[in-house]
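All remarks here apply to the structure that follows.
The values are calculated or read from the model by the stated rules, or taken from the named source; none is laboratory data. Computed from a prediction, not measured in an experiment: that's the story for all the values here. No Cβ is skipped: glycine too gets one built from the backbone with ideal geometry, and neighbour counts run over all protein chains shown.
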Amino acid sequence: MDNRHGTGEIAMISRIAASLALAAIVVQPALAAPMQCATSAEFHAGARFVMPILIDGASRKCQPALGNGSYLATKGPALSQRFAAMPGDDSSITALVGKLDPKGDLKGLDTAALKAFATVAVSKGMGDDLKPSICPTIDKVLALLDPMPAENTISLVEVILRKVDDDNVSKAAKTGKPAKRILCQES
């Protein structure tokens, strides 16, 4: 990474990476209920579902800062399409939504309606969190990930999130505070 970025920007990158990986992180505040951990299958389904929304949103939000020659402007739409074209299991999305929405407010919504809800939630999250100063880093990271198949990118982010989860649990154990895992522990 570029050494010109401060710790605040690195923290922002971590938040964006987590959002890219798991729709629950972005959508959760809108539902205002504690989230249960996501299984690997739910995580992959959620990432497949939300990645195109996040890439398209970052492209729109960063375009003024990056210009028409940036990776996001020139190749972002194709990357978004690769994630959108991934085969997936809508039952895993339904299970993930059930964990995000234990009160059942979203129960019965079809995938198109859930996508519309996620698009609004992600757009709001990006509007609040995505600062133009971080756009060059997002552009660079996505360009570096571009050659990887979409499934490998999702799996890589899962590995990173598992490490973040483990670190958070270790820190919480030292302070006596409870820690909530984003991803369920594998057996």
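Whether any residue in the range 103-113 is among the basic types (Lys, Arg) and either within 17 Å of ASP56 (Cα to Cα) or surrounded by 15 or more Cβ atoms within 10 Å (Cβ to Cβ) (or both) is what I want to check.
No, the range 103-113 contains no residue that is among the basic types (Lys, Arg) and either within 17 Å of ASP56 (Cα to Cα) or surrounded by 15 or more Cβ atoms within 10 Å (Cβ to Cβ) (or both).
Go through the range 154-181 and count every residue that is β-branched (Val, Ile, Thr) and in contact (Cβ under 8 Å) with a residue 40 or more places away in the chain.
Summing the residues that are β-branched (Val, Ile, Thr) and in contact (Cβ under 8 Å) with a residue 40 or more places away in the chain in the range 154-181 gives 4.
If a residue must be surrounded by 15 or more Cβ atoms within 10 Å (Cβ to Cβ) and farther than 14 Å from THR153 by Cβ, how many such residues does the range 50-74 contain?
Selection size over the range 50-74: 14.
Conditions: (1) free of Cβ contacts under 8 Å to residues at least 24 places away in the same chain; (2) assigned to a helix (DSSP H, G or I); (3) not charged (D, E, K, R). PHE49 meets all but one. Number of the miss?
All conditions are met except number (1).
I need the full set of residues from the range 127-154 which are under 13 Å from MET51 (Cα atoms) and surrounded by 17 or more Cβ atoms within 10 Å (Cβ to Cβ), in order please.
Of everything in the range 127-154, those that are under 13 Å from MET51 (Cα atoms) and surrounded by 17 or more Cβ atoms within 10 Å (Cβ to Cβ) turn out to be LEU142, ALA150, THR153, ILE154.
Please indicate, with yes or no, whether at least one residue in the range 133-152 is among the acidic types (Asp, Glu), under 27 Å from ALA65 (Cβ atoms), free of Cβ contacts under 8 Å to residues at least 24 places away in the same chain and in a helix (DSSP H, G or I).
No, because not a single residue in the range 133-152 is among the acidic types (Asp, Glu), under 27 Å from ALA65 (Cβ atoms), free of Cβ contacts under 8 Å to residues at least 24 places away in the same chain and in a helix (DSSP H, G or I).
Kindly indicate whether SER155 is among the small types (Gly, Ala, Ser), closer than 24 Å to GLN81 by Cβ and at pLDDT 90 or above.
yes
Of the residues that make up the range 26-35, is at least one more than 16 Å from LYS115 (Cα to Cα), surrounded by 15 or more Cβ atoms within 10 Å (Cβ to Cβ) and at pLDDT below 90?
yes
Restricting to the range 57-81, count the residues that are closer than 29 Å to GLN36 by Cβ and touching a residue at least 40 places away in the same chain (Cβ under 8 Å).
2
If you scan the range 155-187, which residues turn out to be surrounded by 13 or more Cβ atoms within 10 Å (Cβ to Cβ), in a helix (DSSP H, G or I) and not acidic (Asp, Glu)?
Step one: of the range 155-187, the residues surrounded by 13 or more Cβ atoms within 10 Å (Cβ to Cβ) are 155-158, 160-162, 164-166, 168-169, 172, 179, 181-184.
Those left that are additionally in a helix (DSSP H, G or I): 155-158, 160-162, 164-166, 168-169, 172.
Within the range 155-187, SER155, LEU156, VAL157, ILE160, LEU161, ARG162, VAL164, ASN168, VAL169, ALA172 meet the criteria.
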